[in-house]
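Here's the structure, in structure tokens; my notes come after.
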Amino acid sequence: MQDDDATHGPLAGFTVGVTAARRAEELGTLLKRRGAAVLHAPALRIVQLADDSELLTSTKELIDHAPDVAVATTAIGFRGWIEAADGWGIGDALLERLRGVELLARGPKVKGAIRAAGLTEAWSPGSESMAEVLDRLLAEGVAGRRVALQLHGEPLPGFVESLTAAGADVVVVPVYRWMPPQDLTPLDRMLDVTAARGLDAITFTSAPAAASFLGRAETRGVLPEVLGALRDDVLVACVGPVTALPFQARGIATVQPERFRLGPLVQLMCAQLPAAARILPIAGHRVEIRGHAVLVDDELRAVPPAGMALLHALARRPGWVVARAELLRALPGSGTDEHAVETAMARLRSALGVPRLIQTVVKRGYRLALDPSADSKYGR
């Protein structure tokens, strides 16, 4: 890790979008501690358990007709299920029913929730993967067996279908369901910022959130612009492979941590975003161009959006003269007055703190003062 990362945080100068509804504050805090600017817009909201008639129906069905196996997929979901059953006056009956079945837990957090309820899991995969749970069930044989599956927001792709094809009677337990946010304004703003390439990365912690994000973009008619930004300029960071499926279906590359947790997700971005930043030797200085800021000799310099637009345009051809007309087109909301370029350029130079980084070429435009030794490397 470089000195600037230690001083400012590895994500300093980058803007990261957070689309989570649940645990959004935790994820945002992790990102901010590492220097990121965070834009939050929940792509979904969670239906309150006590009002969920579908969950009540599934719970009563399992109490009346016991499953052979029950699979718990999330700690918060399992706890919520027990609490909701208590609220309906059937909590003891549900716990008694679950004591008599083979109870599988997806990971250590779920095991903790199961044991806190006074139950004991029969098995939990070391990988914390639902794929391993499925392999175990199919290896045991599920033909004629009744399997209760506590869902995480929506059906797990292929999980129910595989069990049903193998002869299982699957009862899904929709512990919490996702719905579109009641106020769509923050999500619409997130979509607009994404389309304008105002984000450096955007995070997703569930497949329903990813699907909702893309679905809202399509409804508003901005899907092509959003997909273009995600494909070329905005890092799409997903907590795991299931979350990434809606993007893969659209041909959008994603990054995912090896462990499907928020901490590793943030660590992955701490490695990916700085590695993609443009570093140039300019006028005897080391200049690292990040999303909304610049590191000049490891000193973080905040730059206004118009200045960053000019700097990115100059950095595409470092050392070469870029005409004022071209720079004008790069400015946000560009008009026809080239004086806007001079104003934005003056503010950019002031923000960088080293005016000579950018040279004025009379009657032609501007250029980055690339060090002579770097000319061949950068295609002069």
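The values are calculated or read from the model by the stated rules, or taken from the named source; none is laboratory data. These figures come from a predicted structure and were not determined experimentally. Because the Cβ atoms are built from the backbone with ideal geometry, glycine has one as well, and the counts that use them run over all protein chains shown. With ligands, DNA and RNA removed, areas are computed over all heavy atoms of the protein, side chains included. Shrake-Rupley method; radii C 1.70, N 1.55, O 1.52, S 1.80 Å.
Kindly provide the trypsin sites (Lys or Arg not before Pro) of the stretch 5-88 that DSSP labels as loop, not H, G, I, E or B, and whose Cβ sees at most 15 other Cβ atoms within 10 Å.
23
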Length gain on complete extension for the stretch residue 26 to residue 164, per 0.36 nm per residue less the alpha carbon to alpha carbon distance?
46.0 nm
Under 5 Å between amide hydrogens, which residues at least 5 positions from residue 70 or on another chain qualify, with H placed 1.01 Å from N in the peptide plane?
102, 103, 104, 148
Under Stokes-Einstein, with the Kirkwood radius over Cα pairs standing in for Rh, what whole-number D in µm²/s applies to the stretch 1-116 at 25 °C and 0.890 mPa s?
144
Taking only protein heavy atoms and a 1.4 Å probe, what accessible area per residue, in Å², does the chain have with all protein chains in place?
45
Check residue 39: other-chain or 5+ apart residues with amide H under 5 Å from its amide H, H built from backbone geometry?
16, 17, 18
What FRET efficiency, computed as 1/(1 + (r/R0)^6) with R0 = 30 Å and r the Cβ-Cβ distance, is obtained for residue 347 and residue 276, rounded to the nearest 0.05?
0.75
Suppose we keep just the alpha-carbon trace of the chain; what are its Rg and Dmax in angstrom?
26.0, 85
Calculate one ³J(HN,Hα) per residue across the stretch 264-277 by plugging θ = phi - 60° into the Karplus curve 6.51 cos²θ - 1.76 cosθ + 1.60, and present them in order as whole Hz with x for glycine and proline.
x, 5, 5, 4, 5, 5, 4, 8, 6, 5, x, 5, 8, 5
Contact order relative to length for the chain, counting C-alpha pairs under 8 Å separated by 6 or more residues, stands in percent at 15
Given a 1.4 angstrom probe, I'd like the percentage of the accessible area of the chain that is carbon and sulfur, rounded to a whole number.
51
Please give, to one decimal in nm, the separation of the simple spin-label points placed at residue 184 and residue 317, each 7 Å out from Cα toward the Cβ.
4.2
Can you give the Rg to Rh ratio of the stretch 84-226, both from alpha-carbon atoms, with Rh computed by the Kirkwood formula?
1.07
Correct semi-axes for the stretch 254-380, from √(5λ) of the alpha-carbon gyration tensor and rounded to whole Å with the largest first, are 29, 18, 13
Which number do you get for Rg(Cα) / (2.2 N^0.38 Å) in the stretch 152-255?
1.21
May I ask you to list the aspartates and glutamates whose Cα is less than 17 Å away from that of residue 363, ignoring any residue fewer than eight positions away on the same chain?
326, 337, 338, 342
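Grab the DSSP H runs of the chain that are 4 residues or longer, score each as -39,500 (n - 2.57), total them, divide by all residues and round the 222 nm result to the nearest 500 deg cm²/dmol. Spell out each step's value before the answer.
Numbers: 16 runs with 167 residues, N = 380.
Taking each H run of at least 4 residues, the total per residue is -13000 deg cm²/dmol.
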If one computes the Cα centroid of the stretch 92-140 and of the stretch 21-48, what distance in Å separates the two points?
29
Segment residue 267-residue 363, length gained on full extension (0.36 nm per residue, minus Cα span)
29.9 nm
Go through the stretch 80-94 residue by residue and turn each phi into a ³J(HN,Hα) via Karplus (6.51, -1.76, 1.60, θ = phi - 60°); whole Hz please, and just put x for glycine and proline.
x, 5, 5, 5, 5, 4, 4, x, 8, x, 10, x, 5, 5, 5
